[in-house]
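Each remark here refers to the structure printed beneath this line.
What follows draws every value from the coordinates through simple rules; no lab data is involved. Bear in mind that the values here come from a model prediction, so they are computed numbers and not experimental data. As a convention, Cβ positions derive from the backbone with ideal geometry for all residues, glycine included, and neighbour counts pool all protein chains shown.
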Amino acid sequence: MDPGEPYSSLLLSIFQPWDISVFIGLGFMIILLIISALISGSEVAYFSLSPQDKEQLLEAHDGGSKAAAELLKKPNTLLATILIGNNLVNVAIIVLSSFLMEMMFDFQGRELLAFLIQVVVVTLIILLVGEISPKVYASKKALTLSTIMSRPLLFMRRLFGPLASFMVKSTRSIDRKARESEHSGGITADELSHALELTTDASTGEEERRILSGIVKFGSIEVRQVMTPRVDVIAFDKEMTYTELQAQIIEHGYSRIPVYEDSFDKIIGVLYVKDLLNHLNEAKDFDWLSLLRQPTFVTENKKLDDLLREFQDQKNHMAVVVDEYGGSSGIITLEDVIEEIVGEISDEFDDEELIYTKIDEHNYVFEGKAALIDMYRVLDIDGQQFEQAKGDSDSLAGFVLELSGKIPLKNERVRFANYLFTVEAADKRRIKQIKVTILQEGEEG
């Protein structure tokens, strides 16, 4: 090929005179491409039918629908038949195109041009006309194409019956092992997340999407991320008199309360308020400790799905969370666990506790004790950056302490990625309030 030769004259120079056999060959090529498109589309059409579509085929009385329903009774044989037919047609297209190229063009001394036309161009035509386009169409018109192609596919199933049966039998052991592996391993969070992306669309409500997202993340959340920390737990000293106990119960309004000896690190039981109903008129020295129930203890790193199963088995609603040294970190309730899926649950006795205030689209003020996962929800982020850098902290205040290495004073700022944390209120012991600013690209904190 002469580098200086114009492309137009080059293309004209390789053409040979076409006789009637070339046009007949081109006609056969078009027919084969149409057949390839129909068979490729059938694969997507049949295996994307919804249960409602299959029911409609079973109930219909026309021949096409009956034939389609018959094919669906043996899906593995159907798939093998489609693959055999499609590959045979594509091979025929490639062989025919090779003969046509020799009759239509003279590639003497132009091997690169021969490669581009014979391989690249023909492959693109097969992919676009015989594979991609029909499959896109079939995904939208599955029921229609399934009905149209039912009789041809029945004929192909009879024609390729022995070969299709051999393919199905030869892959049966592989399929069985795959099924065993699938059942033993169960569905992973990544698979469930991918399924969520595929099944949620514009018609899915915000509440439904949030619940589905909560289910996906549920198994990876640890107890310490959602527990009530010990500084916020209402607990009673065992030395309380019965009169003092009644007053405290009325003041706080909780139905289950941990009871400790000496300090919160030594929980001796859980008091169910309903157990006091038969003893409302007892004397001041009534031994209310006899009503305590055995406490349940769980570790900070226990997964919520395991804890929920434990709550169900034990018919329990509350557990005391212990750290690695055996001290009490806080408590977690069944309500805390369920809220990670369905969102905040409030009853008529709950105070509306505002953990954050939205100033504008880029500025929020959070309570220091706000859990990081709650902040993720408010900011509508996945929180991966924070999870990698948080260390052992699970609250926003703990995260800022992790970043700064000390208890920052009021108005001190700490930057992380494109987030700026400003301490709004703090004392010598803890951070009480933090302003979170989402910085724009190029904006300095």
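Some points to look at:
- Annotation: extensible slack from residue 50 through residue 402 equals 121.6 nm (criterion: 0.36 nm per residue apart, minus Cα-Cα distance).
- Put a dot 7 Å past the Cα of residue 125, heading toward its Cβ, do the same for residue 241, and the two dots end up 10.1 nm apart.
- Above-threshold pairs, the threshold being 32 Å between Cα atoms, out of 74/135; 303/406; 238/435; 238/410; 274/428; 73/141: 238/435; 238/410; 274/428
- Gyration tensor verdict on the range 28-174 (Cα atoms; rounded if a/c is under 1.5, prolate if a/b is larger than b/c, oblate otherwise): prolate
- Highest-first packing order for the peptide set 84-91, 157-164 is 84-91, 157-164, based on the mean count of other beta carbon atoms within 10 Å.
- Alpha-carbon Rg/Rh ratio, for the range 249-333, with Rh computed the Kirkwood way: 1.01
- For the pair residue 335 and residue 59, a Förster radius of 41 Å applied to the C-beta separation gives a FRET efficiency near 0.30, rounded to the nearest 0.05.
- Gyration tensor (alpha-carbon) shape descriptor, the range 351-441, a/c threshold 1.5: rounded
- Amide H within-cut-off set for residue 424, under 5 Å, with H built and near neighbours excluded: 411, 433, 434, 435
- On the basis of the beta-carbon distance and an R0 of 30 Å, residue 273 and residue 220 show a calculated FRET efficiency of 0.30.
- Cα centroid separation - the range 43-107 against the range 272-298, whole Å: 73 Å
- If R0 is 30 Å, the Cβ-Cβ spacing of residue 282 and residue 231 corresponds to a FRET efficiency of close to 0.40.
- Distance (nanometres) between label positions extended 7 Å along Cα→Cβ at residue 427 and residue 19: 10.3 nm
- Under a 5 Å amide H cut-off, with hydrogens placed 1.01 Å from N, residue 269 pairs with 259 among residues at least 5 apart or on other chains.
- Hypothetical label at residue 314: residues of the range 226-249 whose amide nitrogen lies under 20 Å (7 Å Cα-Cβ projection): 226-230, 233-236
- Residue list for the range 130-154, given a label point 7 angstrom along the Cα-to-Cβ vector of residue 74 and an amide N cut-off under 18 Å: 150-154
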